[in-house]
Amino acid sequence: MKVLKWSVFFFVLCITPVFAQKSGARLSGRIVSSEGEPVEYASVFFKDTRYGVLTDANGKFRLAAPAGEYVLTVRAMGYATVEQPLSLRGEQTLDLVMKTDAMELDEVMVVGKSAARQVNETAFNVVAIDAKPLHNTSMSLTHALDRVSGVKIRETGGVGSRTQISLNGFSGRHIKIFMDGMPMEGFGASFQLNNIPVHLAERIEVYKGVVPIELGADALGGAINIVTRQTRNTYIDASYSYGSFNTHKSNLNAGHTTKNGFLFQLTAYQNYSDNSYKVKSQLLDLSTNGYSSEEYWFRRFHDNYHNEALIFRTGVVRKSWADRLLLSVTLSQEKADIQHANLMKIVYGGRERNSENIIPSLNYEKRNLIAPNLNFSLTANYSRSHNNNMDTLARQYNWKGEYRQKRTKGEGQYSMSEYDNQNFHATANLSYRITDKHYFALNNLFSDYSRKATDAAANSETSTAATFMRRTNVKNVAGLSYKFKPSEKWNASVFAKRYDVKVRGPINVSTVSSSTVYEEQERPFSTSGYGIAATYYLLSSIQMKASFEKSYRLPSENELFGDESLETGHAGLKPENSDNLNFNLSYDKTLNKLHAVYLDFGLIYRNTKDYIRRQIEQRYGGAFYTNHGRVRNFGIDGEARYFYKNTFSAGGNMTLQNIRNMEQYDSYGRELIYYKDRMPNVPYLFGNIDANYNLHKLGKKNLLSFGYNMRYVHSFFRDWESEGGDIIIPGQLSHDLNLTCTLNNGQYNISFEVRNLADKILYDNYSLQKPGRSFLIKIRYFFFK
C-alpha cells in the first residue's frame with residue numbers, strides 16, 4: 001500500500017502542468033579550433049540562463065530555448081572563452097572558431113552545462129564529480145569518492161588495502177562500480193578503485209539509489225561510474241610522487257589523434273609501499289598462547305605492496321560509419337603481503353596474494369545509426385585473472401615479529417591455491433529521440449563468469465570435494481526506458497528491467513552442522529523490476545528530484561565463491577530485493593561575478609529483503625556471507641558550498657542514516673532480541689568539510705593553491721547492541737592539508753600533502769588501523785594541444 005501511495009505521488013509529479021512559455025527556437029552549429037579541428041565536449045550555453053549543451057565528437061551542437069535576446073557563450077578546456085550577442089528566432093545556424101588560450105581567473109567560473117553538471121541535472125539522484133581539479137594530488141579513485149555526500153570509504157589499511165564503499169547505508173557489492181559504463185566486477189584485484197590513480201578519470205558519477213538502465217545494473221544501493229579521459233587532443237600527463245612509509249607512485253598518460261581520425265592513447269601507472277606505519281594492538285604471548293590485556297605500539301613488518309598497470313587504446317573517430325571505434329588492452333598485476341586477519345591481533349609473517357590480469361576490450365559508438373536521432377553503442381571486454389594465495393608457513397607470529405613453530409602448515413588455513421577467473425561482459429545500448437520531447441532507450445547487459453583451479457599439484461594438499469567443482473555465474477539484465485521532456489523546466493522517465501541469472505557451484509548439503517558434504521548444483525533465478533524518476537525546476541536555480549524503484553541485486557562472485565583467502569563464499573545466496581525511494585532539493589545560484597552558492601538536501605528510504613550481510617568469524621578472523629531477512633533504512637544527507645571568484649571555495653556535507661534490522665523472528669519462530677537494532681558494523685553518521693584558496697599573484701600563468709579537508713565519522717557498534725555489544729568502533733576525526741604550485745598554465749606542477757595531520761588512530765573497520773600522519777610530495781608535467 002505504501003508503495004502504491006508513492007507511485008501515485010510520482011505519477012502526479014510527472015503530469016504536473018507546465019506554465020506557458022514563449023515560442024521555442026533552435027540554434028545549431030559547429031565549434032572548431034583555429035586549426036580547423038572540431039572542439040569536442042565544449043560547453044555551449046546562453047549566459048545567465050540554464051539553457052546549454054555539450055558539443056559532440058564532431059564539434060556539433062543543437063540548442064533549444066525560447067525566442068529572445070541572448071549572449072551565446074562557448075567554453076572549453078585550453079581555449080579562450082567565446083561570447084557573442086544573438087537574437088534567437090526560429091531555426092538558426094552558427095559556426096564559431098575557438099583560439100587556444102589560458103582560462104580567465106578573475107571571476108566565478110560559470111561553465112554552462114559541463115559534462116558533470118549535465119549529469120547532475122537529470123531526474124536521477126546523482127552527483128557528478130569533476131576529477132580534473134584533483135589530478136595534482138596523489139589520490140586514488142576511492143579517496144576522491146570519500147568527499148561525496150552519502151559516500152563512506154572503508155579501508156583495511158594502507159596503500160593497496162582492501163576497500164569497501166558505503167553509499168547511503170549500503171556497502172560492498174550492494175554498490176555497483178562501472179568504468180565508462182562497463183561493470184568492473186571481473187577486472188581483477190590488480191585493477192580496482194583502491195589502486196587506480198584519480199588522474200585516469202575525467203569525472204566520477206555517483207548514483208544514489210535508482211540507477212538508469214544505460215548502466216545495465218542490478219544495483220541495490222546505487223552505482224558509481226568512472227568516466228575516463230575522452231579528449232582527442234594531443235596530450236602528455238606524467239607524474240611521480242614519494243611519501244611516508246616508502247611510498248612511490250608514478251603515472252603516465254599520453255594521447256594523440258591524427259587529422260584523419262586515428263587515435264592512440266597510452267596509460268601506465270605503478271604503486272609501491274612498505275606500509276610500515278605503526279599500529280596499536282594486543283600482543284600474543286607465544287608461550288601461553290594468550291593475548292595481553294593492554295595494547296602496545298608496533299611497526300608493521302609484513303605489508304609490502306606493489307601494483308603495475310598498462311592500458312593501450314587505438315582506433316578511429318569521426319568516421320561516417322563510427323563516431324568512435326576503439327580497441328584496447330589492459331595489463332595489470334599486484335603482489336601484496338598479508339599482515340593480519342580481519343582481526344588485527346591475529347598476525348601473519350608469510351602470507352601473501354598475487355594477481356595478474358589481462359583485459360582486451362572494444363568500444364563502438366554511432367550517432368544517427370540508420371535514421372536521424374537513433375544512437376547505438378556497444379562495449380565489451382574479456383577479463384582473465386590468474387590468482388595465487390600463499391599460506392604455507394608452519395608458524396604463529398606476534399606483533400614483535402617473533403614466532404613459534406606449529407604442528408600444522410599454514411599461519412591461518414594452509415593454502416597454496418592457484419585459480420583463474422574468467423569474465424566476459426557486453427553492454428549494448430540503443431536510444432532514439434522521436435522529437436525534442438520523447439526519448440526511448442533499450443539496454444542489455446550480459447556477463448559470463450567462471451572460476452576454476454588451474455594447478456592440481458598446488459591445490460592437492462588443501463583441496464576438498466568442492467575445490468575442482470565448477471563455479472559459474474551467468475546473468476543478463478535487460479532494460480527499457482521512456483523519457484518525457486516537455487520543456488527545460490521538467491522531465492520524467494519510466495523504466496523496467498528484466499533480471500535472469502544462473503549460478504553453478506558447490507553447495508553444502510550436509511544436515512549436520514559439524515560436517516560438510518558438497519554437491520555441485522545449478523540454481524536459476526528470474527524476475528522483473530521497474531521504476532520512475534522525475535525532476536522539476538521550481539525556479540531556474542531550484543531543482544527538485546524524486547524517484548522510486550523496485551530493484552534487485554544479484555550476488556557477486558566474491559559473495560558466491562569467496563576470494564580463496566580471507567573470505568568464504570556461499571553459492572546458495574538469494575538475490576536481494578528492495579523498494580527504493582529518493583527525494584532531492586538543490587539550489588545552484590551564481591549571485592554575481594564574485595559569488596556563487598550551491599545547496600543540496602536529500603532523503604532516502606530503502607526496504608530490503610534477503611539483505612546479504614558480511615560477517616567476521618572470530619577464531620581465525622575470516623569473513624563469510626549470509627542472507628538476513630529484512631532491513632530498512634531511512635536517511636538524510638546534505639551539502640553546502642560557497643565560491644568567491646575563482647579564488648576561494650568552501651563546503652561540506654553530512655550524512656545520517658538509520659539502517660535497522662526488521663526481521664522480528666528467527667527460523668524457529670522465536671522473537672529476536674535485536675529486532676529494530678541498527679545493523680552492526682555500519683557507520684550511520686559521517687561528513688566532510690573542505691576549503692581551497694587560490695593565490696594568483698605569482699604571474700598571469702602561475703597559481704598557488706592551499707587546500708584543507710576534514711573527515712568525521714561518529715562511533716558505531718561492531719555487534720548487535722541489544723545482545724550486549726560493548727565493542728565500539730570509536731569516532732574518527734582527521735585533517736588533511738595540501739599545497740600546490742602550478743606554473744605556465746598548468747604545464748608544470750608540484751604539490752605537497754599532509755594526511756592525518758593530528759596523527760590520530762583511525763579505523764574504518766573494527767581493530768583494522770589505518771596509517772597515522774604521513775607526508776607526500778608530487779611533481780607533474782602536463783602538455784595539452
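Output yes when any residue across region 31-43 is surrounded by 12 or more Cβ atoms within 10 Å (Cβ to Cβ), in a loop (DSSP other than H, G, I, E, B), at pLDDT below 75 and of a type in the set (G, A, S), and no when none is.
No, region 31-43 contains no residue that is surrounded by 12 or more Cβ atoms within 10 Å (Cβ to Cβ), in a loop (DSSP other than H, G, I, E, B), at pLDDT below 75 and of a type in the set (G, A, S).
Please work out which one of (1) modelled with pLDDT of 85 or more; (2) buried (at least 20 other Cβ atoms within 10 Å of the Cβ); (3) in contact with a Lys or Arg (Cβ under 7 Å, 6 or more places away or on another chain); (4) aromatic (F, W, Y) is the condition F561 fails and give its number.
(1)
Considering only region 280-302, how many residues are out of contact with any Leu (no Cβ under 9 Å at 6 or more places or on another chain) and either hydrophobic (A, V, I, L, M, F, W, C) or open to solvent by less than 40 Å² (accessible area, probe 1.4 Å) (or both)?
Qualifying residue count, region 280-302: 8.
Are any residues in region 576-596 modelled with pLDDT of 80 or more and part of a loop (DSSP other than H, G, I, E, B), and if so, which ones?
Matches in region 576-596: L591, N592, L594.
Quick check: anything in region 402-417 within 26 Å of the chain's Cα centre (by Cα), assigned to a strand (DSSP E or B) and within 30 Å of F178 (Cβ to Cβ)? Please lay out each step first, then the result.
From region 402-417, those within 26 Å of the chain's Cα centre (by Cα) are none; that's our starting set.
There is no residue in region 402-417 that is within 26 Å of the chain's Cα centre (by Cα), assigned to a strand (DSSP E or B) and within 30 Å of F178 (Cβ to Cβ).
Just give me the residues in region 653-677 being part of a strand (DSSP E or B) and open to solvent by 20 Å² or more (accessible area, probe 1.4 Å), in sequence order.
M654, L656, N658, R660, Y665, E671
Could you check region 106-152 and list, in sequence order, the residues that are modelled with pLDDT of 75 or more, part of a helix (DSSP H, G or I) and open to solvent by 30 Å² or more (accessible area, probe 1.4 Å)?
Passing the criteria: K132, P133, H143.
Just name the residue that is least open to solvent (accessible area, probe 1.4 Å) out of those in region 692-727 that are closer than 24 Å to Q747 by Cα and within 25 Å of the chain's Cα centre (by Cα).
Taking the candidates together, the pick is G707.
To keep it simple, each residue is scored yes or no on (1) surrounded by fewer than 21 Cβ atoms within 10 Å (Cβ to Cβ); (2) under 24 Å from P771 (Cβ atoms); (3) in contact (Cβ under 8 Å) with a residue 40 or more places away in the chain.
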| site | (1), (2), (3) |
| --- | --- |
| A309 | no, yes, yes |
| V329 | yes, no, no |
| A341 | no, yes, yes |
| M344 | no, yes, yes |
| R351 | no, yes, yes |
| N357 | no, no, yes |
| S385 | no, no, yes |
| D391 | no, no, yes |
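Which residue is modelled with the lowest pLDDT, if the candidates are limited to region 537-557 and must be within 19 Å of S481 (Cα to Cα) and open to solvent by 10 Å² or more (accessible area, probe 1.4 Å)?
Filtering region 537-557 for residues that are within 19 Å of S481 (Cα to Cα) and open to solvent by 10 Å² or more (accessible area, probe 1.4 Å), the one modelled with the lowest pLDDT comes out as Y552.
Here is a list of conditions, (1) surrounded by fewer than 16 Cβ atoms within 10 Å (Cβ to Cβ); (2) part of a strand (DSSP E or B); (3) of a type in the set (D, E, K, R), and E753 meets all of them except one; can you say which number that is?
Single failed check for E753: (1).
Being touching a Lys or Arg at 6+ places or on another chain (Cβ under 7 Å), exposed (fewer than 15 other Cβ atoms within 10 Å of the Cβ) and more than 30 Å from I673 (Cβ to Cβ) narrows it down to one residue among L739, L733; which is it?
Answer to the check: L733.
In region 710-727, what residues are over 12 Å from R678 (Cβ atoms) and either without any contact (Cβ under 8 Å) to a residue 12 or more places away in the chain or part of a strand (DSSP E or B) (or both)?
Answer for region 710-727, where residues must be over 12 Å from R678 (Cβ atoms) and either without any contact (Cβ under 8 Å) to a residue 12 or more places away in the chain or part of a strand (DSSP E or B) (or both): M710, R711, Y712, V713, G724, D726.
Among the residues of region 626-648, write down those that are touching an Asp or Glu at 6+ places or on another chain (Cβ under 9 Å), assigned to a strand (DSSP E or B) and more than 16 Å from S149 (Cβ to Cβ).
Listed by number, the residues that qualify are N627, H628, G629, R630, V631.
Report, by residue number, each residue of region 174-199 that is among the charged types (D, E, K, R) and on the phi < 0 side of the Ramachandran plot.
K176, E185
Let's see how each residue does on (1) touching a residue at least 40 places away in the same chain (Cβ under 8 Å); (2) of a type in the set (G, A, S); (3) assigned to a loop (DSSP other than H, G, I, E, B); (4) touching a Gly at 6+ places or on another chain (Cβ under 8 Å):
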| residue | (1), (2), (3), (4) |
| --- | --- |
| D218 | yes, no, yes, no |
| N225 | yes, no, no, yes |
| Q230 | yes, no, yes, no |
| L252 | no, no, no, no |
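Looking at (1) at pLDDT 90 or above; (2) more than 21 Å from K280 (Cβ to Cβ), find the lone condition where K785 falls short.
The failed condition is (1).
The values are calculated or read from the model by the stated rules, or taken from the named source; none is laboratory data. It should be emphasised that the depicted structure is a prediction, and the values quoted were computed from it without experimental measurement. Here Cβ is always computed from backbone atoms with ideal geometry, including for glycine, and neighbour counts include all displayed protein chains. The area values use the complete protein model at the heavy-atom level, side chains included, leaving out ligands, DNA and RNA. Shrake-Rupley method; radii C 1.70, N 1.55, O 1.52, S 1.80 Å.
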